[in-house]
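The values are calculated or read from the model by the stated rules, or taken from the named source; none is laboratory data. On a predicted model such as this, the values are computed, not experimentally measured, just so you know. Note: ideal-geometry Cβ built from the backbone for every residue, glycine included; neighbour counts use all protein chains shown.
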Amino acid sequence: MNTTAQNSMSSAAMPQPQTVFPAERLLRIRDVCHVTGLARSTVYAKINEAGFPQPVRLHGKCVAWKASEVSAWIASLPRVSM
């Protein structure tokens, strides 16, 4: 088998990296900050704004956000014309 055929077979067998979290996944504050590009304090401030995803309580003071809601919020942001 030639090298080109081997390279195309190896890359075809390699799984593609996921760029979006699975919809059912819960995101901790660190993940929400990473995905949105917002600082931790900004995420907590935005909880009081309409439209921003509300956290769900896991236990005690531990909260998380539904990945599907964070993705939907990101998708709802207006595009900037440059």
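Some points to look at:
- Within the range 19-33, restricting attention to residues that are modelled with pLDDT of 95 or more and not in a helix (DSSP H, G or I), the residue that is nearest to the chain's Cα centre (by Cα) is LEU27.
- Search result, residues across the range 34-74 that are within 11 Å of the chain's Cα centre (by Cα) and not aromatic (Phe, Trp, Tyr): HIS34, VAL35, THR36, GLY37, LYS66, ALA67, SER68, GLU69, VAL70, SER71, ALA72, ILE74
- LYS61 vs. criteria exposed (fewer than 12 other Cβ atoms within 10 Å of the Cβ) and either out of contact with any Leu (no Cβ under 6 Å at 6 or more places or on another chain) or under 14 Å from ILE29 (Cα atoms) (or both): yes
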